[in-house]
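Undergrad: Pasting a structure here, questions to come.
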Amino acid sequence: MSTMPKLKLYNTMSRTKEVFEPLDPANVRMYVCGPTVYDYAHIGNARPMIVFDVLFRLLRHIYGETNVTYARNITDVDDKINQRAFDRWTRKRPLLAEMRDLTEGTVAQFNKDLKALNVLDPTHTPRATDFVANGEQPMDMVRIIAKLVERGVAYAAEGHVLFSPTEMDKLPGLPRYGALSRRNLDDMLAGARVDVAPYKRDPMDFVLWKPSDPETEPGWNSPWGFGRPGWHIECSAMAGALLGEQFDIHGGGIDLVFPHHENEIAQSCCAFGLDKMASIWMHNGFLQVEGRKMSKSDGNFVTIDELLTTDKFGGRSWPGEVLRLAMLKTHYRQPIDWTVRALEEAEATIYEWSLVGDQQEVGEPDPQVIDALASDINTSFALHRIHQLRSDAAQYPELRPRFNATLELLGIRLRKLETATIETDEFTTTVAPLILEREAARRAKDFAASDRIRDELAAMGIALKDGKDADGNPTTTWEVKR
Ligand SMILES: [Zn+2]
């Protein structure tokens, strides 16, 4: 552990990169908000899954495999899910059981998607419906809500329970409401649309509990009547039950900063009397598709499953390895543009790497790549470095175990991929050796030989693109001309 680099992570709370100091190095704890399993997950949902999987792998590498606890929840109660469950309900069993059955299918599909993306199973994948009020968990939503009412920051009204940020801000020893999103409660109140809900004292008050109609909506018994939880309280309960009242890292998409994460902080800090819920708040950037916001009406909405198994995107399907690599090329905090072009490039890279790496023999990962990842998960720099490692490993076979281990740290599997115009065998036996030979010529500054091989490859339909890596060494990428 002592030889490991200092891990630095960007904390949305402080808007700076901070040196990460776990509360307990023998149990590093991370929570990431998972999907609402209403339908198949889209490619935007895959981004936090992949980003925080890389962080999970890095934390395990630094602190030890058994010293990291990662919880990623599943939201399996929400109004769209309720409606769907009601629509197919035959009244032969409770509506809750119908809902559970419905979400089993989408959860199974989600797990299948993540397998294809080589995302490791988190330590815990709690489902919200198991943490409402069943009494089996050390902490559940009803108990936390009761605590909030007791402390005077929440109130019951017409079957609802609402949280009051105004009351929270009167209490000492707590964070200020709005600290994460840097919003000021007074400004928020002034700018809030007039909320007509008669049971709210203030427009900024948010729902912890709402009533369910037993005839048409699933629900649980509670001190405030038959009802169901609001979304935000789910994560406070699951994180508290599985990771403890305070933990190290809380992650999710940037769109969750407000109100979801702000409200999680308010609930957890008020219920447990803490000045912070998690030490570091991390958020991945937006994903857009071919330069536009993904939307069903724009026709650029694409699910993970559609990318993997249909020709909806770019007229063909894509292996999970390619999707994962394409995702990691952009730093996680930057917006990412999901394009066919980027997937083609990622595929070419995987192919090129697969000629050298076999992941049979795995050594120690490259220190420079570890440094890059330890610097706020700089995957783009890590991938530049891996290009260099590939060149080195092609020349010196004894470096292959390091190349293999480094790819594994990023969760990048290699496999021989088919290309559109060249058979794999032909590529492996003819094209690949020529690319490597030319690379050696370039390093030796034998430009005549280098040019001759380039022409030879061009005649075979292979276009080369020369560049330099971060250390200034020549690199070559290639693509099949179509
Ligand atoms: Zn959440």
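Undergrad: Scanning for something touching a helix residue (DSSP H, G or I) at 6+ places or on another chain (Cβ under 9 Å) and within 16 Å of the ligand (Cβ to nearest atom), does region 283-296 turn up at least one residue? Talk me through it step by step, then tell me what you get.
TA: Our first condition is that a residue be touching a helix residue (DSSP H, G or I) at 6+ places or on another chain (Cβ under 9 Å); within region 283-296, this holds for 283-290, 294.
Among the residues that remain, those that are also within 16 Å of the ligand (Cβ to nearest atom) are: 283-284.
Yes, region 283-296 contains at least one residue that is touching a helix residue (DSSP H, G or I) at 6+ places or on another chain (Cβ under 9 Å) and within 16 Å of the ligand (Cβ to nearest atom).
Undergrad: How many of the residues making up region 343-380 are acidic (Asp, Glu), part of a helix (DSSP H, G or I) and more than 18 Å from ASN404 (Cβ to Cβ)?
TA: Number of matching residues: 4.
Undergrad: In region 308-321, how many residues are touching a Leu at 6+ places or on another chain (Cβ under 6 Å) and either farther than 24 Å from GLN109 by Cβ or of a type in the set (A, V, I, L, M, F, W, C) (or both)?
TA: 2
Undergrad: Failed condition for SER297, given (1) over 21 Å from the mean Cα position of the chain (by Cα); (2) buried (at least 16 other Cβ atoms within 10 Å of the Cβ); (3) among the hydroxyl-bearing types (Ser, Thr, Tyr); (4) not assigned by TED's automatic domain parsing to the domain that holds ASP130, with all others met?
TA: With respect to (1) over 21 Å from the mean Cα position of the chain (by Cα); (2) buried (at least 16 other Cβ atoms within 10 Å of the Cβ); (3) among the hydroxyl-bearing types (Ser, Thr, Tyr); (4) not assigned by TED's automatic domain parsing to the domain that holds ASP130, SER297 is out only on (2).
Undergrad: Name the single residue that is surrounded by the fewest Cβ atoms within 10 Å (Cβ to Cβ) among those in region 221-244 being closer than 22 Å to PHE56 by Cβ and more than 11 Å from the ligand (Cβ to nearest atom).
TA: GLY244
Undergrad: If you don't mind, another one. Those residues that are surrounded by fewer than 17 Cβ atoms within 10 Å (Cβ to Cβ) and either outside the structural domain of LEU242 (by TED's automatic domain parsing) or touching a helix residue (DSSP H, G or I) at 6+ places or on another chain (Cβ under 7 Å) (or both), I need them from region 148-165; list them, please.
TA: ARG151, GLY152
Undergrad: Name, by its number, the condition in (1) on the phi < 0 side of the Ramachandran plot; (2) out of contact with any Ser or Thr (no Cβ under 8 Å at 6 or more places or on another chain) that does not hold for ARG100.
TA: (2)
Undergrad: List pairs: first in region 252-267 and in a strand (DSSP E or B), second near the ligand (Cβ under 10 Å from one of its atoms), Cβ under 8 Å, 6+ apart or cross-chain?
TA: GLY252/VAL32; GLY252/CYS33; GLY252/HIS260; GLY252/HIS261; GLY253/CYS33
Undergrad: Mind listing whichever residues of region 33-59 are within 16 Å of the ligand (Cβ to nearest atom) and under 19 Å from LEU407 (Cβ atoms)?
TA: Once the filter is applied, which keeps residues that are within 16 Å of the ligand (Cβ to nearest atom) and under 19 Å from LEU407 (Cβ atoms), region 33-59 yields MET49, VAL51, PHE52.
Undergrad: Exactly one of these conditions fails for SER14: (1) part of a loop (DSSP other than H, G, I, E, B); (2) more than 12 Å from the chain's Cα centre (by Cα); (3) within 16 Å of the ligand (Cβ to nearest atom). Give me its number.
TA: Every condition holds for SER14 apart from (3).
Undergrad: Output the residues belonging to region 308-360 that are acidic (Asp, Glu) and touching a residue at least 24 places away in the same chain (Cβ under 8 Å).
TA: From region 308-360, those acidic (Asp, Glu) are 311, 321, 337, 344-345, 347, 352, 358; that's our starting set.
Across region 308-360, the qualifying residues are GLU321, ASP337, GLU344, GLU345, GLU347, GLU352, ASP358.
Undergrad: Check whether at least one residue in region 71-84 is within 16 Å of the ligand (Cβ to nearest atom), part of a loop (DSSP other than H, G, I, E, B), closer than 22 Å to LEU180 by Cα and in contact with a Cys (Cβ under 8 Å, 6 or more places away or on another chain), and report yes or no.
TA: Yes, that holds for at least one residue.
Undergrad: Quick one: SER268 ticks every box in (1) surrounded by 23 or more Cβ atoms within 10 Å (Cβ to Cβ); (2) in contact with a Phe, Trp or Tyr (Cβ under 8 Å, 6 or more places away or on another chain) except a single one, so which number is it?
TA: Condition (2) is where SER268 drops out.
Undergrad: Let me ask something additional. Would you pick out the residues in region 245-265 that are crowded, with 21+ Cβ neighbours inside 10 Å and either small (Gly, Ala, Ser) or outside the structural domain of ASP78 (by TED's automatic domain parsing) (or both)?
TA: GLY251, GLY252
Undergrad: Does region 18-60 hold any residues that are farther than 15 Å from LEU256 by Cα and basic (Lys, Arg), and which are they?
TA: Answer for region 18-60, where residues must be farther than 15 Å from LEU256 by Cα and basic (Lys, Arg): ARG29, ARG57, ARG60.
Undergrad: Quick check: is even one residue across region 191-209 small (Gly, Ala, Ser) and modelled with pLDDT of 90 or more?
TA: No; the residues of region 191-209 include none that is small (Gly, Ala, Ser) and modelled with pLDDT of 90 or more.
Undergrad: Something else: Determine whether PRO22 is surrounded by 19 or more Cβ atoms within 10 Å (Cβ to Cβ), part of a loop (DSSP other than H, G, I, E, B) and more than 16 Å from the ligand (Cβ to nearest atom).
TA: Answer is yes for this residue.
Undergrad: Looking only at residues that are in contact (Cβ under 8 Å) with a residue 60 or more places away in the chain and part of a strand (DSSP E or B) in region 37-70, which one is surrounded by the fewest Cβ atoms within 10 Å (Cβ to Cβ)?
TA: The selected residue is HIS42.
Undergrad: Related question: Does LEU120 qualify as being part of a loop (DSSP other than H, G, I, E, B) and over 20 Å from GLY219 (Cα atoms)?
TA: Values: part of a loop (DSSP other than H, G, I, E, B): yes; over 20 Å from GLY219 (Cα atoms): yes.
Yes; evaluated as a whole, the condition is true for this residue.
Undergrad: THR129: in contact (Cβ under 8 Å) with a residue 24 or more places away in the chain, part of a helix (DSSP H, G or I), surrounded by fewer than 21 Cβ atoms within 10 Å (Cβ to Cβ) and in contact with a helix residue (DSSP H, G or I) (Cβ under 8 Å, 6 or more places away or on another chain), yes or no?
TA: When the stated conditions are applied, THR129 does not pass them.
Undergrad: Looking at VAL161, is it part of a helix (DSSP H, G or I), over 15 Å from CYS269 (Cα atoms) and touching a residue at least 60 places away in the same chain (Cβ under 8 Å)?
TA: no
The values are calculated or read from the model by the stated rules, or taken from the named source; none is laboratory data. Source: prediction; values computed, not measured. As a convention, Cβ positions derive from the backbone with ideal geometry for all residues, glycine included, and neighbour counts pool all protein chains shown.
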